[in-house]
Structures are given as structure tokens and as C-alpha cells.
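The values are calculated or read from the model by the stated rules, or taken from the named source; none is laboratory data. Fair warning: this is a prediction, and the values are worked out from it, not measured in the lab. For neighbour counting, all protein chains shown are included, and Cβ atoms are generated from backbone atoms with ideal geometry for every residue, glycine included.
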Amino acid sequence: MKKLLILFLAFTLNACNDGDFDVPAFEFTETVNICGEYVLYITSTEKTEVLVLTLPKTAIDTIPKVQPIPISATVTATYRIFDKGIGTTYFCQAIPPSEPKILKELKADGGTINITTTEVLTDSVATGYSHEITISKLSFIDGKERVYFDNFYFGKLTLEN
């Protein structure tokens, strides 16, 4: 009877499986990188995890305001995991390089990118603009599992005139 009980417990413990879904870490540095005018991205410290925003032409503006931009077919948020760290020009190339390899990619299926633009003043003169970026109701789906953030702080991008 003891052998049967031990065998049953061993089988039960071995049968537990949480599936193939790995919850992404979503831990990024505070540095917002920009490629051209419309691609912003943040990376993990190892540069193997990336969150990329593709924005419309009017998103990074020089008028102080709060601008909500819904995620859509043309305004995207994409999370990627690479097999090794990416270089600084990875997203700035017309044709993406074949290395490093993308291990996982999640495209946001909902959310609103909120950009708060303010002037950077030096001696009462506007010397640039600061763009604080948050994403509300950010949602990714991976098969049947959903990754959701009610409010996600993307970062601050400061551009000089």
C-alpha cells in the first residue's frame, strides 16, 4: 500500500504542468531610445527584452499638451525577447538584421499611449521638449494567456532644439 501511495504522489506531482507560457519580465531601463521620428524603444539591462512603440508623425510634437493615442493597426506596441542583446542600430535599419534571433514576440491588442509634452526651459528660454510616455490598459495576448498592465510607465524622452 505504501508503494502504491508513493507512486501515486510521484505521478501526481510530476503531472503538474504550467504549460508553455512564460510571463514576460517587463523590467526595462529608464532610457528611451529613438529611431527616426516614429520608433521609440526601451530595453532590459542585457538588451535581450525590448518594448517598441511605432507612432504616428504627430506624436512627438513641439506643442506642450497631453496626447492620448490609441494602439491600432498603425500605432503599435511590440514586446520582443531576443537570444542575445541587440545593438543600438537594430531598429534604425530598413531591413532588420537576422541576428540576434527573436525568441518571442507579443503585439499589443489594446491600450492607449499617453504622451505629455512639456517645454525644457533654460533661463526662461525653451531649449527643447520633454515627452513623458505612459501606456494605459496595455494588453498583450499569447495564445490563451493575457498580459495586462493598467498603467505602464514607458519613460521620458527629452529632445533638444
I want to confirm something. Restricting to segment 79-105 and keeping residues that are hydroxyl-bearing (Ser, Thr, Tyr) and either modelled with pLDDT of 95 or more or surrounded by 12 or more Cβ atoms within 10 Å (Cβ to Cβ) (or both), which single residue is farthest from the chain's Cα centre (by Cα)? TYR90
Of all residues making up segment 137-155, the number that are surrounded by 14 or more Cβ atoms within 10 Å (Cβ to Cβ), modelled with pLDDT of 95 or more and of a type outside the set (Phe, Trp, Tyr): 4
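For segment 28-75, how many residues meet the condition of being of a type in the set (Ser, Thr, Tyr), under 13 Å from the mean Cα position of the chain (by Cα) and modelled with pLDDT under 95?
Taking segment 28-75 as the starting set, the residues that turn out to be of a type in the set (Ser, Thr, Tyr) are 29, 31, 38, 41, 43-45, 48, 54, 58, 62, 72, 74.
Narrowing the set further to residues that are under 13 Å from the mean Cα position of the chain (by Cα) leaves 29, 31, 41, 43-44, 48, 54.
Filter once more, so that each one left must be modelled with pLDDT under 95: 29, 31.
So the count comes out to 2.
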How many residues are surrounded by 11 or more Cβ atoms within 10 Å (Cβ to Cβ) and among the charged types (D, E, K, R) if we restrict to segment 47-78? 3
Does segment 28-46 hold any residues that are surrounded by fewer than 11 Cβ atoms within 10 Å (Cβ to Cβ) and touching a strand residue (DSSP E or B) at 6+ places or on another chain (Cβ under 7 Å), and which are they? GLU30
